[in-house]
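A.B. asks: Quick one: structure below, then a few questions.
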Amino acid sequence: MGVYRCIDNTLLPVLKTGLTPSASGSAYLELSPSAYTNETSPSLVPSSPALKLTCTVHGPRPLPRSAPFTPQIQLSTHIKFAPFAARQRRGYIRDASERDLAVHLETAIRGIIIGTRWPKSTVEVVITVLEGEEDRWWGEESRGGTTGVGNVGGWGMMNVLAGCITVASAAIADAGIDCLDLVSGGVAAIVKSPQSGKKLPDGDTDMAGIEENNQWQLVLDPAPSEHQEICAACVVGYLSARDEITELWLRGNIPGTTKSPTNNSQPQMAGVGELVDKAVEAAVAVRLVLGEAVREAAELKVGQNSGDR
């Protein structure tokens, strides 16, 4: 997820499993802010927040006797931001954005679990966001961002969902639940370059000049607080071994395709396809880290079982 944030500095997420003994499976994911951004920041406070997620899997557990028979396992997902996850303190009750993220997460991981192995059973995936990416740097009120200071309900939510998909897949594998493949989350976005666009006398940006100079660029794993403006973003849940997409969330307008009503649909679909391909490319890079973490956890469990014998 963080391997494409900047060209000169390669960032890799920290992914560990088996951190919660009381749960059937657990995982922890952390993505540090860009080193380049922190070096150029005049403050000691990181200009780009980190992403820290914890996931626990409970089950499979049998349903109550009063529940009707179900041939497949019942999956429930819960995502909750910690009160200290963002600058604006969040409540203890889940809001609409957290419930929406849980629906996206359920769609992404439902396709990988072999549900027929556990009839009349249930499994619960609980994710806690310890620190979420914000749309602008909370230490700088006058610049950056797209929806407001400390608001994680904007573009930063895309990166949170990609991280939730990856950490949930690792926790499900740690729980020993049979899956078709490991699903990884990837994000791609179309952003404005830092020096693009001319300011008009009324303070607005000359969008026509931007499109003429082609100063929109496609980046992988964007950090909303590091870009002046984000035009469109895409999140995918990707199965590398099966070459399938289990979740697709596209948001925004691609420049040059929706501005003129006379354009046909072909240029727009080409732009959307390229954005999705880049999101898949980001998910493939994350899949390498995910596979390595799951492999190390499996080897550790095999070694412990061999020692007990």
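The values are calculated or read from the model by the stated rules, or taken from the named source; none is laboratory data. Not measured: the values here are computed from a predicted model. Don't worry about glycine lacking a Cβ; one is built from the backbone with ideal geometry, like all the others, and counts go over all protein chains shown. The protein model used for the area step is the full one, side chains on, heavy atoms only, and it has no ligands, DNA or RNA in it. Shrake-Rupley method; radii C 1.70, N 1.55, O 1.52, S 1.80 Å.
A.B. asks: If I ask for residues that are among the polar types (S, T, N, Q) and either in contact with a Pro (Cβ under 9 Å, 6 or more places away or on another chain) or touching a residue at least 24 places away in the same chain (Cβ under 8 Å) (or both), which ones from the range 58-74 would you list?
C.D. replies: Those that are among the polar types (S, T, N, Q) and either in contact with a Pro (Cβ under 9 Å, 6 or more places away or on another chain) or touching a residue at least 24 places away in the same chain (Cβ under 8 Å) (or both): Thr70, Gln72, Gln74.
A.B. asks: Hey, another quick one. Residues in the range 230-251 that are open to solvent by less than 50 Å² (accessible area, probe 1.4 Å) and at pLDDT 85 or above: how many?
C.D. replies: Number satisfying all stated conditions: 12.
A.B. asks: If you scan the range 81-102, which residues turn out to be under 30 Å from Ile114 (Cβ atoms) and open to solvent by 40 Å² or more (accessible area, probe 1.4 Å)?
C.D. replies: Within the range 81-102, Arg94, Arg99, Asp100 meet the criteria.
A.B. asks: Collect the residues in the range 51-88 that are under 20 Å from the mean Cα position of the chain (by Cα), modelled with pLDDT under 90 and of a type in the set (Lys, Arg), keeping them in residue-number order.
C.D. replies: Result: Arg87, single match.
A.B. asks: Let me ask something else. Restricting attention to the range 111-145, and to residues there that are hydrophobic (A, V, I, L, M, F, W, C) and either modelled with pLDDT under 55 or assigned to a loop (DSSP other than H, G, I, E, B) (or both), which single residue is farthest from Ala241 (Cα to Cα)?
C.D. replies: Ranking the candidates gives Trp138 first.
A.B. asks: With the structure loaded, tell me whether Val160 is modelled with pLDDT of 90 or more, aliphatic (A, V, I, L, M), under 20 Å from the mean Cα position of the chain (by Cα) and over 17 Å from Val183 (Cβ atoms) or whether it fails that test.
C.D. replies: No; evaluated as a whole, the condition is false for this residue.
A.B. asks: In addition: What is the number of the single condition among (1) modelled with pLDDT of 80 or more; (2) crowded, with 18+ Cβ neighbours inside 10 Å that His227 does not meet?
C.D. replies: Of (1) modelled with pLDDT of 80 or more; (2) crowded, with 18+ Cβ neighbours inside 10 Å, only one is false for His227: (1).
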